[in-house]
Amino acid sequence: MTPVAHSAAPLERPAAPCATGSLEGRARASLGSAIDALFAKQHPDAHWCAELEGDSILNSEYLLMKFILGQEAAPQATPDDLRRFTKMGAYLRMLQREDGVWGQYPGSPPDLSACVKSYFALKLLGDSVDAPHMRRARERILALGGAEGVNTFSAFYLACLGQVSWDACPAIPPEVVLLPRWFPFHLDKVAAWTRTMILPLALCTALRPVRRLPSTLGIGELFVDQRRRQTLNKPWDRRDPAGWTNIFLALDRALKFAQRMGFTPGRAHAIGAAERWLLERMDPATTDGLGAIFPPMVYIQVAFQALGYPRDHPVIRRAEHELDRFIVEEPDHVRIQPCFSPVWDTGIALYALTEAGLTASSDERIARTCDWLRAREVTRTGDWANNLRPADRAMRLGPGADDSRGGRG
């Protein structure tokens, strides 16, 4: 891409007013300080990318993933890995509130799923169940209804580590990848990051991987009703017998019965199709990890291990590297970002600066930022193109587009 010509001229900045200056003067000075502060965060190549802060589940799910994969100890874990695992546990303790819970954000209500996963991760790291912080967490989890109340994504981790049955997780048949476009559900019709989560989970619910832990490392003490470790945590809706909730529950039960009976004649073909679909969308030329966001980048490592991929396979090695780039290590703790957002952050910063009066013709930094964004324009088609009508495809994609295959999202 050829850069546009720039006419760099310094922005006229107001002199710093004294404390008794006019309101307008003080406002202009504050605006100037804000502009300086924002530019101070700009990277040398003219983009912005701030840390995307997440909650405790990023650390706890990462640690649980390592235990699922059997990578929590030497020789599978390097000394650097072990140091980071310890620091991840330290961050979980830092985020725990005085009453023993973890939440989604400061001041939020307690999040049961976050509490269960943090407790489980800390116990696996070696924290004693009799330690004050663990006792407080356990008491609050039980008061909130017990671990049987965790959400679907959390149940996936518990099933992989043998703490609940796979029957306690919704059935996601990998055959969804084969559904025709006229069907009410189709992968092209859901958000890009959603479909990259659905298929790894579908592979896991079909293959049902389980890492058996010693009973001393389990979390049976977090369940109020032990029987509910075997069933889906979703009650039938007796007020609306023909409603969607009951339809999905009936379908879930039928799919699990079919799997138990071995009545899944096209399963192998569906698993292969799902694997190919995922590999195409893990192409490093188009994405920094599956979906470029934490959840599917975790799920894919579990799913592909269940498929038999060794850890030294190039796909797995790349998946590990891409996920570990989210790690932020400090002297006393490690935290994890859910994703990177350079285009988003740069666009927002550029919008704010232009609203403040800066333009590409008046400030070379703005011009360079515009060049940076233009250089990252996506010119290839992705899965979204499959949702266009034939006339729209010809208009949006050009001649011959009707014969083109949808690319990667």
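The values are calculated or read from the model by the stated rules, or taken from the named source; none is laboratory data. Because the structure is predicted, anything quoted here is derived from the model rather than measured. Ideal geometry is used to build each Cβ from the backbone, glycine not excepted, and the neighbour counts take in all protein chains shown.
For the criterion of being among the basic types (Lys, Arg), surrounded by 14 or more Cβ atoms within 10 Å (Cβ to Cβ) and over 23 Å from Lys66 (Cβ atoms), Arg239 fails. In the range 98-113, the residues that are more than 25 Å from Gln163 (Cα to Cα) never reach a residue that is in a loop (DSSP other than H, G, I, E, B) and among the polar types (S, T, N, Q) with C-beta atoms less than 9 angstrom apart, at least six apart or across chains.
When the range 58-88 is filtered for residues that are outside any helix (DSSP H, G or I) and not charged (D, E, K, R), the ones remaining, listed by number, are Gly70, Gln71, Ala73, Ala74, Pro75, Gln76, Ala77, Thr78.
Would you tally the residues in the range 350-369 being among the small types (Gly, Ala, Ser), part of a helix (DSSP H, G or I) and surrounded by fewer than 20 Cβ atoms within 10 Å (Cβ to Cβ)? Qualifying residue count, the range 350-369: 1. Of the residues making up the range 131-139, none is within 27 Å of Pro296 (Cβ to Cβ), touching a Leu at 6+ places or on another chain (Cβ under 8 Å) and buried (at least 18 other Cβ atoms within 10 Å of the Cβ). Can Thr264 be described as touching a Pro at 6+ places or on another chain (Cβ under 9 Å), closer than 30 Å to Ala143 by Cα and either buried (at least 17 other Cβ atoms within 10 Å of the Cβ) or not basic (Lys, Arg) (or both)? When the stated conditions are applied, Thr264 does not pass them. Scanning for something modelled with pLDDT of 95 or more, under 15 Å from Glu329 (Cβ atoms) and not hydroxyl-bearing (Ser, Thr, Tyr), does the range 33-42 turn up at least one residue? So far as the range 33-42 goes, no, none of its residues is modelled with pLDDT of 95 or more, under 15 Å from Glu329 (Cβ atoms) and not hydroxyl-bearing (Ser, Thr, Tyr). When Pro338, Pro310 are screened for being part of a loop (DSSP other than H, G, I, E, B), within 25 Å of Asp45 (Cα to Cα) and either in contact with a strand residue (DSSP E or B) (Cβ under 8 Å, 6 or more places away or on another chain) or at pLDDT 95 or above (or both), only Pro338 passes.
In the condition set (1) of a type outside the set (Lys, Arg); (2) in a helix (DSSP H, G or I); (3) under 27 Å from Gly308 (Cβ atoms), Val210 is compliant with all but (2). Being on the phi < 0 side of the Ramachandran plot, in a helix (DSSP H, G or I) and at pLDDT 95 or above holds for only one residue in Ala258, Ala250, Ala268, and it is Ala268.
Scanning the range 119-139 for residues that are among the hydroxyl-bearing types (Ser, Thr, Tyr) and either outside any helix (DSSP H, G or I) or under 18 Å from Arg84 (Cβ atoms) (or both) yields a count of 1. Here Trp372 clears all of (1) out of contact with any helix residue (DSSP H, G or I) (no Cβ under 6 Å at 6 or more places or on another chain); (2) modelled with pLDDT under 95 except the condition numbered (2).
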